[in-house]
Amino acid sequence: MRDALQKAREELGADAVLLHTRQVEGRTIFGKRTRWVEVDACRGEADAARIERREEGFDAAGEAPTHDGDEPAATDAIQREIESLEAMIDRLSADLASPAAARGASPGSPLEARLRGLELADDLVQECLAVAEREGLDSADPEDPALTAALVEHLARRIPTDAEDDLGIPRGRVAFVGPPGVGKTTALAKLAALLKDEGRRVRFVGLDDRRIGGEWELRRYAEILGVRCQFARDAEDARALVAGGADDEVVLIDTPGTGCQDRRGIARLLARLPAGVETWLILAANLRDSHLRASLDAFKPFGYVRLILTKLDETPCAGAAANVASRSAAPVRFASAGPSVASGLAAVDAAWLAAWSLGAPAPASQRRSALGRRGAGGNSGPMDFR
Ligand SMILES: Nc1nc2c(ncn2[C@@H]2O[C@H](COP(=O)(O)OP(=O)(O)OP(=O)(O)O)[C@@H](O)[C@H]2O)c(=O)[nH]1
Ligand SMILES: [Mg+2]
């Protein structure tokens, strides 16, 4: 007991008080039987009294608890935890109300079964069924070309797209943000390769100081592509690097992966991004639908103007493309399929995304060059990477 008190005083200070002790039996990692004493302690008599009152389920005379020392910080942390749990519950409720719940119900027609099989979001499934009914099309034959064309047309109208005269080819300074591992750095390198093919000057600025190897990956891509590459150590550095350089240069900014629950990481990245930088959100089509939705929300403070959807080759649920695209106010501008930097990034638009999600071929009129120009030669067509 004396040892326990001594240890508690070393950790918590001279006025440490022991609350509970209990003997515990167990084994060491080598399997030998052992016993130890588990000790609960706190700082000073006042804390001990407060803990006792809480354990009994009330605060003295119904008074609001007084805060001192670290308590406000702890209360804030608990508040944040509660908010994040509430957000999680909201998302789970939304999931239950849509496709997952619907999977439990009997899928009415063969068309409904097909749409749910593609994991199209519930609201889009209902709309497609309504279109089929309104147009008098046969829901028993989901392969019917007239039905497919009507559904592609409907979904395409639900997806925001770039204006004809604004192809969304990055100009100026563009930062790629998004959750960890979605393919931000790869998409950045793929886009740089396309821009270089068009004779554009490209420079990389790296802000990824979080992941071991993040800097190396960008540097290596830069070497392969013959692109200048610089790394910013802090916000001031980032401002200077991004502001410098030629006016006709495209500066592509690589950022650390930031989880949609990581509010602190998002705030930190926002503070590091220089003003005047356009932000694009990168999402992977193989993420769960609830994760995609949470990411669309979590990155709103960046004011992202375009999306890139990656890993289309890795997802079994084609519907993810229409789900993401229809929920985002910013258009999905490029889609990526495959890790190779030399290929697999193509400009896409609403019609293409709708066709992809329904497993239909892209309309011939939508075939464009890799960067999205209509009629530019040598286009293999984005649908080739299905
Ligand atoms: N199959 C497939 N793999 C991809 C695609 N894009 C990227 N990858 C792979 O996904 C992994 C992660 O790619 P990165 O570009 O490093 O992802 P990131 O978002 O920059 O990752 P962090 O910086 O760690 O957040 C790598 O193994 C890439 O080769 C894609 O479209 N399809
Ligand atoms: Mg990266």
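The calculated Kirkwood hydrodynamic radius for the range 325-364 is 11.2 Å, given to one decimal from all distinct C-alpha pairs.
Each residue in Ile308, Ile82 was given a count of other beta-carbon atoms within 10 angstrom of its own, and listing them fewest first yields Ile82, Ile308.
How many percent of all Cα-Cα pairs in the range 298-338 sit more than 13 Å apart? Result: 55 percent of Cα pairs exceed 13 Å. In this structure, the amide hydrogen of Ile253, modeled 1.01 Å from its nitrogen in the peptide plane, lies closer than 5 angstrom to those of Val174, Ala175, Phe176, Val205, counting only residues at least 5 positions away or on a different chain.
Got a sec to turn the phi values of the range 232-237 into Karplus ³J(HN,Hα) couplings, 6.51 cos²θ - 1.76 cosθ + 1.60 with θ = phi - 60°, whole Hz, x for Gly and Pro? Residue by residue, the range 232-237 yields 9, 8, 8, 4, 5, 4 Hz. Fewest neighbouring Cβ atoms within 10 Å first, the residues Asp289, Asp138 line up as Asp138, Asp289. Per-residue Cβ neighbour counts within 10 Å put Glu236, Glu215 in the sequence Glu236, Glu215, beginning with the fewest. In summary, the lysines within cross-link reach of Lys311, defined as a Cα separation below 24 angstrom excluding same-chain residues under 8 places away, comprise Lys184, Lys190, Lys196, Lys300. Amide H to amide H distances under 5 Å link Ala16 with Gly44, where only residues 5 or more positions off or on other chains count and H is placed in the peptide plane.
Just so you know, all these numbers are worked out from the coordinates, no wet-lab data involved. Model, not experiment: these values are computed from the prediction. Don't worry about glycine lacking a Cβ; one is built from the backbone with ideal geometry, like all the others, and counts go over all protein chains shown.
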